[in-house]
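Below: one structure, written as structure tokens.
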Amino acid sequence: MTALRLAGKHCAVVGATGIIGAHMAKAFAAHGAVVSLLGRSALQARPKLEPELVPYAPSPSPSPSSSPTSSAGASAAPPPDTPLAHRFLRLDISDPADIKSVFGGRATPTGASETGDEAAVVGTLDILVNCAGIAQTTLLKRTPDLELASIVDTNLLAPMLVCKYAKIKPNGCIINVSSLMATKGDLGVTAYAASKAGLVGLTRALCREMAARSIRVNALLPGWVKSPMWDHLKPDLKEAYLRDTPLGRVADPAEVADAAIFLASNGFANNCVLNLDGGLSAA
């Protein structure tokens, strides 16, 4: 039987109720991780998303009487604050105090109720995925100041605070979901592009800061993805983007999730800024 690539790892996906975040949660669960799904509407989304997750099956600890040969390959007991099942945790990323509480608080001991209680905290992590974000479709001159601040706070400040307070284990990894717009500007995305470019800068600097604990930090830059954001584009804009994309299509969210699995499981992937845009960045 082939071992799962991320068996026994604890992964937190921030923004897990979005189209990309939900597919990432499913992918990490399918590869053996126990997943904490975080978002403002995580509890409401649980009835829909939970049946789509492969249940977590922690390997039992070898018994004291087991010989070294018979216990080869068995997983050790999980740390005390590692959950035994996927969890849905409410997180308001617009509230710095909530981020600090959810990521910096003391976790529920293993074996306690995993009901998705609003007061639950994340605990220690092997993998952190920052996937929450809000889009922009207005020219800078027409975008209210408060909306500009909200875009930057959600897309850049919140991931920065999550990285600050998250308890990542040595040899763990962080994946920041940026955007092709970080490097390829367009009309009506000034604040969005600036915030996503900031995520790339955060990734590069944090990679150096985390080196002492061997924590890898990478950024994933999707192009257009099949999602409500794509669906709401005007037909002429869709045609223009598809014409400039060598593959002639947009990404399936599962393809973006697969790229995140690569970044999480490849032990030499560090400071990667991975374009996943079907070639649109070449246009």
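We did not get these values from a lab; they are worked out from the coordinates using the rules stated. Since the structure is predicted, the reported quantities are computational estimates derived from the model, not experimental observations. When we count neighbours, we look across all protein chains shown, and the Cβ atoms used for this are built from the backbone with ideal geometry, even at glycine.
Points to keep in mind about this one:
- The length gained on full extension between residue 7 and residue 171, counted as 0.36 nm times the residue separation minus their Cα-Cα distance, comes to 57.6 nm.
- Over the chain: helical MRE at 222 nm, DSSP H runs n ≥ 4 each giving -39500 (n - 2.57), nearest 500: -9500 deg cm²/dmol
- Nitroxide proxy distance, nm - points 7 Å out along Cα→Cβ at residue 239 and residue 212: 5.8
- Here the translational diffusion coefficient of the stretch 206-283 follows from Stokes-Einstein with Rh set to the Kirkwood radius across Cα pairs; for 4 °C and 1.567 mPa s it amounts to 92 µm²/s.
- In the elastic network of the chain, a GNM with C-alpha springs shorter than 10 Å, the most mobile of 208, 142, 243 is 142.
- Max mean-square fluctuation residue, GNM over the chain, Cα-Cα springs under 10 Å, options 51, 170, 222: 51
- Estimated translational D of the stretch 243-283 in µm²/s (Stokes, Kirkwood radius over Cα pairs; 4 °C; 1.567 mPa s): 114
- Percentage, to the nearest whole number, of Cα pairs in the chain over 24 Å apart: 50
- Long-range amide H partners of residue 174 with built H, under 5 Å: 128, 216, 217, 218
- Annotation: extensible slack from residue 142 through residue 41 equals 33.4 nm (criterion: 0.36 nm per residue apart, minus Cα-Cα distance).
- Scaled against 2.2 N^0.38 Å for its residue count N, the alpha carbon radius of gyration of the stretch 151-240 is 1.25.
- For the stretch 129-151 and the stretch 237-283, distance of Cα centres in Å: 22
- Rounded to the nearest 20 debye, the dipole size of the chain about its Cα centre is 460 debye, using +1 on the Cβ of Lys and Arg and -1 on the Cβ of Asp and Glu.
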